[in-house]
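In what follows, a single structure is set out as structure tokens and then discussed.
The values are calculated or read from the model by the stated rules, or taken from the named source; none is laboratory data. Predicted, not measured: the structure shown is a model, and the values here were computed from it. Note: ideal-geometry Cβ built from the backbone for every residue, glycine included; neighbour counts use all protein chains shown.
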Amino acid sequence: MPANDSTRLLADVLQPGSPLLALGHRIEIDGYAFVPAVEMRPLLAPPDGLADWNEFTASWDDLQPDTYLPDGHRYRRRRHATLSVKAGSQECRLEPHAAHYQSLDYNPLVGGIERWFEPIRREIVDGPSLRCVLAFCCHLFGALRPDTDWHIECHQFRIEARRDAPGSPTPEGVHRDGVDFVLVLLIRRTNIESGTTSVHDLAGNALGSFTLTTPFDAALVDDARVKHGVTAVEAIDPSQAAYRDVLVVSFRARRPERSAGQA
Ligand SMILES: [Fe+2]
């Protein structure tokens with residue numbers, strides 16, 4: 001069931017008959033959507049909007065180890081950026097670099113502390129590819145939740161599968177991120193198998209599952225209504241580098257009484 005009676009608003013905001021309107025309706029009804037690359041790529045218009053796509057994807061080769069994982073694990077690399085945008089706008093403003101914070105309720109594994117990660121490089125933040133993805137999010141999430149100012153966090157993630165250990169994209173298990181909406185965009189899979197995304201209602205009942213396999217494959221979740229998790233990735237050829245690269249973008253309604261660094 002839709003989270004609220006915003007269907008009229010969605011149709012008012014988005015062009016009738018447009019793919020974005022259909023996608024918004026799917027999220028309203030199901031609480032999530034898997035969008036295959038063939039559908040997702042055209043949604044990241046304009047045609048020249050991904051002019052730096054090669055540099056954008058290559059920047060995943062320069063992520064830094066996530067040292068907060070317990071038990072000395074080092075299979076996750078990442079960078080992080082915080083932005084904001086006013087209701088109705090697609091002009092996202094980069095905010096001062098801040099910690100990523102999740103409460104223990106949302107992340108019992110490494111929540112409850114400020115986690116500081118290296119910033120996403122400025123030329124990547126300002127580049128057309130990330131701006132194109134952000135504009136898409138502003139358009140879609142802004143239509144689903146009109147009149148909302150947003151706190152945005154962008155995460156570049158690389159999960160490595162090593163000879164002696166698979167890598168877990170969601171070591172905290174099936175979870176909510178503690179935001180309003182989340183986009184997970186596949187950047188690249190190299191020499192890995194598995195990494196299947198599952199979506200669950202808040203009681204834990206499975207709603208669906210899919211695997212992001214092709215660059216531009218995307219998962220969209222209404223984080224207040226559904227949980228998500230991803231199975232560990234394993235190397236196909238353990239003698240070779242094996243990794244899964246994704247961009248995660250979260251949108252949370254800004255609450256003036258809270259600091260910009262909290263999620
Ligand atoms: Fe998540």
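Can you tell me how many residues in the stretch 89-117 are of a type outside the set (S, T, N, Q), out of contact with any Pro (no Cβ under 8 Å at 6 or more places or on another chain) and surrounded by fewer than 16 Cβ atoms within 10 Å (Cβ to Cβ)?
Going through the stretch 89-117 one residue at a time, the tally reaches 12.
Of the conditions (1) within 16 Å of the ligand (Cβ to nearest atom); (2) out of contact with any Asp or Glu (no Cβ under 8 Å at 6 or more places or on another chain), residue 146 fails just one. Which one is it?
Here residue 146 clears every test but (1).
Among the residues in the stretch 66-82, are any within 16 Å of the ligand (Cβ to nearest atom), part of a loop (DSSP other than H, G, I, E, B) and either surrounded by fewer than 18 Cβ atoms within 10 Å (Cβ to Cβ) or among the polar types (S, T, N, Q) (or both)?
Looking through the stretch 66-82, at least one residue is within 16 Å of the ligand (Cβ to nearest atom), part of a loop (DSSP other than H, G, I, E, B) and either surrounded by fewer than 18 Cβ atoms within 10 Å (Cβ to Cβ) or among the polar types (S, T, N, Q) (or both).
Which residue pairs have Cβ atoms closer than 9 Å, lie 6 or more positions apart in sequence or on different chains, and pair a first residue in the stretch 8-23 that is polar (S, T, N, Q) with a second residue that is in a helix (DSSP H, G or I)?
Hits for this filter: 15/21.
Just wondering, is there one or more residues in the stretch 35-42 that are in a loop (DSSP other than H, G, I, E, B) and at positive phi? Steps first, answer last, please.
Step one: list which residues in the stretch 35-42 are in a loop (DSSP other than H, G, I, E, B), which gives 36.
Those still in the list that are at positive phi too: none.
No, the stretch 35-42 contains no residue that is in a loop (DSSP other than H, G, I, E, B) and at positive phi.
Of the residues 166, 171, only one is more than 16 Å from the ligand (Cβ to nearest atom) and either crowded, with 22+ Cβ neighbours inside 10 Å or more than 16 Å from residue 217 (Cβ to Cβ) (or both); which? Before the answer, list the steps.
Details: 171 fails: more than 16 Å from the ligand (Cβ to nearest atom).
Criteria check complete, one pass: 166.
Name the one entry in 242, 224 that is more than 11 Å from the chain's Cα centre (by Cα), more than 16 Å from the ligand (Cβ to nearest atom) and at pLDDT 95 or above. Give the derivation first.
Details: 224 fails: more than 16 Å from the ligand (Cβ to nearest atom).
Step by step, each of 242, 224 is checked, and only 242 is more than 11 Å from the chain's Cα centre (by Cα), more than 16 Å from the ligand (Cβ to nearest atom) and at pLDDT 95 or above.
Kindly indicate whether any position in the stretch 107-129 is within 14 Å of residue 182 (Cβ to Cβ) and in contact (Cβ under 8 Å) with a residue 60 or more places away in the chain. It would help to see each step written out before you state the result.
First, the residues of the stretch 107-129 that are within 14 Å of residue 182 (Cβ to Cβ): 107.
Filter again for in contact (Cβ under 8 Å) with a residue 60 or more places away in the chain, leaving 107.
Yes, there is a match, as at least one residue in the stretch 107-129 is within 14 Å of residue 182 (Cβ to Cβ) and in contact (Cβ under 8 Å) with a residue 60 or more places away in the chain.
Yes/no per residue for (1) in contact with a Leu (Cβ under 9 Å, 6 or more places away or on another chain); (2) at pLDDT 95 or above:
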| position | (1), (2) |
| --- | --- |
| 82 | yes, yes |
| 108 | no, no |
| 120 | yes, yes |
| 129 | yes, yes |
| 138 | no, yes |
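Go through the stretch 43-65 and count every residue that is outside any helix (DSSP H, G or I) and not polar (S, T, N, Q). Break it down into steps so the answer makes sense when it comes.
Applying the first criterion (outside any helix (DSSP H, G or I)) to the stretch 43-65 yields 44-46, 51-52, 63-65.
Then keep just the ones that are not polar (S, T, N, Q); that gives 44-46, 51-52, 63, 65.
Final tally of qualifying residues: 7.
Restricting to the stretch 227-239, and then to whatever is hydrophobic (A, V, I, L, M, F, W, C) and more than 13 Å from the ligand (Cβ to nearest atom), can you tell me which residue is farthest from the chain's Cα centre (by Cα)?
236
Taking the stretch 174-207 as the search range and keeping residues that are over 12 Å from the mean Cα position of the chain (by Cα) and of a type in the set (Asp, Glu), which one is farthest from the ligand (Cβ to nearest atom)?
193
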